[in-house]
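Structure record follows, encoded as structure tokens.
The values are calculated or read from the model by the stated rules, or taken from the named source; none is laboratory data. Small disclaimer: the values here were computed from a predicted structure and weren't measured. Neighbour counts are summed over all protein chains in view; Cβ atoms, including those assigned to glycine, are modelled from backbone coordinates with ideal geometry.
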Amino acid sequence: MAKLDLKYVQAFTDRHGRQRHYYRRPGFGRIALPGEVGSAEFMAAYANAEARARPAADPAKRPVQPRSINALIIEYYTSASFRSLRPTSQTPYRRVLDRFREKHGDKGVASIQSHHLNAIFHAMAATPHAAANLRKRLRKVFQLGVRLGWRPDNPVRETELDPIKKGGHIPWSEDNIEAFETRWASGTRERLALALLLYTGQRRSDVVGMGRQHVSGGRISVVQVKTEARLKIRIHPKLQIELNQHLDGLTFLLTQYSAPFTPAGFTQWFVESAVEAGLSRRTPHGLRKAASRRLAEAGCSAKQIGAITGHKTLSEIENYTRDADQVRLMDSAMDLLEEAETRTASVKPV
């Protein structure tokens with residue numbers, strides 16, 4: 001095998017004794033490098049990885065004009081409002097705002113008008129959720145601009161967005177779950193992933209980190225990445241069957257290279273696994289909704305459901321269990337109607 005001094009290339013031997021290579025640059029995701037080291041396939045993959053991992057220009061390193069968008073966003077990053085956020089919230093907020101100031105950072109804060117922002121938001125019509133997210137973040141930023149006296153009003157308040165069609169992640173139906181289980185037998189990674197998602201009701205970011213060290217006394221301990229909520233979920237018998245076949249690792253779910261999944265990588269792999277089972281547009285988060293639905297159909301209260309899923313507010317739980325509640329209410333309404341009709345039929349006219 002050729003030996004090349006290539007930067008950021010790491011190697012390890014998988015559980016089958018094969019040596020694997022990947023490109024791992026700090027701050028960027030892992031990229032697999034196929035083929036023999038030094039081969040045309042390997043070098044082409046390396047060149048592609050280098051290009052993909054090339055850091056973008058840092059807007060923070062540009063000369064900062066006084067009272068510019070760039071200056072205001074920097075002020076926002078040092079504000080109590082931003083610093084009070086959890087790191088898991090700060091990172092995506094920065095990502096959104098840094099993209100904005102990369103394009104508009106040199107513009108003066110006082111010169112920005114609502115129609116300018118509307119034009120930006122409407123240009124994002126193909127990604128309405130991204131537009132809504134940017135609007136939320138900019139509203140906070142310009143609110144700070146008003147407090148600092150850089151402008152008299154908040155231009156974001158007068159902007160409008162096109163309505164977002166509701167839907168989000170599609171909840172898995174019982175037929176969907178059965179189809180997936182038919183395609184992926186007990187003992188496979190795919191079946192384990194389904195069981196972890198469905199019988200813990202957790203997000204992908206929590207499921208990918210679960211391992212044997214979290215199992216004790218018939219429960220799985222979880223500290224949710226998003227909310228920092230601490231949960232101890234009793235292991236469902238069907239989940240236990242799958243865990244019994246994968247209890248030898250500090251991470252239950254591993255990639256084909258025996259490495260832990262990233263949340264994004266896990267979603268891509270799991271969606272592809274669902275497609276192989278004949279299911280399109282089915283995501284890990286849809287199983288979190290299915291878990292909530294099952295609990296609601298079993299008669300669990302919102303507080304009981306939240307104790308498992310980690311939801312803090314009633315509105316969040318209602319969003320996940322609305323279909324189950326509708327079916328239960330419909331059945332009770334039909335029962336009342338049938339009882340009323342029976343009483344009416346039993347009353348004979350005098």
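Tell me, which residue of segment 227-237 that is farther than 30 Å from residue 85 by Cβ and within 25 Å of the chain's Cα centre (by Cα) is surrounded by the fewest Cβ atoms within 10 Å (Cβ to Cβ)?
234
For (1) over 21 Å from the mean Cα position of the chain (by Cα); (2) surrounded by 16 or more Cβ atoms within 10 Å (Cβ to Cβ), each residue gets a yes or a no:
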| position | (1), (2) |
| --- | --- |
| 203 | no, yes |
| 218 | yes, no |
| 223 | no, no |
| 248 | yes, no |
| 270 | no, yes |
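Condition (residue is over 30 Å from residue 14 (Cβ atoms), touching a Lys or Arg at 6+ places or on another chain (Cβ under 7 Å), among the aliphatic types (A, V, I, L, M) and outside any loop (DSSP other than H, G, I, E, B)) applied to segment 122-130: is it met by at least one residue?
No.
Could you tell me whether segment 227-235 includes any residue that is at pLDDT 90 or above and under 30 Å from residue 17 (Cβ atoms)?
No, every residue in segment 227-235 fails to be at pLDDT 90 or above and under 30 Å from residue 17 (Cβ atoms).
Filter segment 83-103 down to residues that are touching a Ser or Thr at 6+ places or on another chain (Cβ under 9 Å) and assigned to a helix (DSSP H, G or I) and give me whichever is nearest to residue 157 (Cα to Cα).
101
So which of 239, 247, 253 ends up being over 19 Å from residue 178 (Cβ atoms) and in contact with a Phe, Trp or Tyr (Cβ under 6 Å, 6 or more places away or on another chain)?
Result of the check over 239, 247, 253: 253.
Among the residues of segment 217-237, count how many are in contact with a helix residue (DSSP H, G or I) (Cβ under 6 Å, 6 or more places away or on another chain) and closer than 17 Å to residue 198 by Cα.
Number of matching residues: 6.
Say we look at segment 1-25 and pick out the residues that are out of contact with any strand residue (DSSP E or B) (no Cβ under 6 Å at 6 or more places or on another chain) and modelled with pLDDT under 75; which of these is surrounded by the fewest Cβ atoms within 10 Å (Cβ to Cβ)?
Looking at residues that are out of contact with any strand residue (DSSP E or B) (no Cβ under 6 Å at 6 or more places or on another chain) and modelled with pLDDT under 75, I get 5.
Testing residue 296 on (1) more than 18 Å from the chain's Cα centre (by Cα); (2) surrounded by 14 or more Cβ atoms within 10 Å (Cβ to Cβ); (3) at pLDDT below 70, one condition comes back false. Which one is that?
All conditions are met except number (3).
Any idea which of 308, 317 is surrounded by fewer than 20 Cβ atoms within 10 Å (Cβ to Cβ) and either part of a helix (DSSP H, G or I) or modelled with pLDDT under 90 (or both)?
308
With a cut-off of at least 3 residues that are over 14 Å from residue 285 (Cα atoms) and in contact (Cβ under 8 Å) with a residue 60 or more places away in the chain, name the helices (runs of 4 or more DSSP H) lying wholly within segment 154-269.
Per the criteria, 174-183, 189-200.
Results for (1) in contact with a strand residue (DSSP E or B) (Cβ under 6 Å, 6 or more places away or on another chain); (2) crowded, with 20+ Cβ neighbours inside 10 Å; (3) assigned by TED's automatic domain parsing to the domain that holds residue 256, shown as yes or no for each residue.
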{"site": "117", "(1), (2), (3)": "no, yes, no"}
{"site": "152", "(1), (2), (3)": "no, no, no"}
{"site": "187", "(1), (2), (3)": "no, no, yes"}
{"site": "194", "(1), (2), (3)": "no, yes, yes"}
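Against the condition free of Cβ contacts under 8 Å to residues at least 24 places away in the same chain, out of contact with any Phe, Trp or Tyr (no Cβ under 7 Å at 6 or more places or on another chain) and of a type in the set (A, V, I, L, M, F, W, C), how does residue 126 come out, does it pass?
yes
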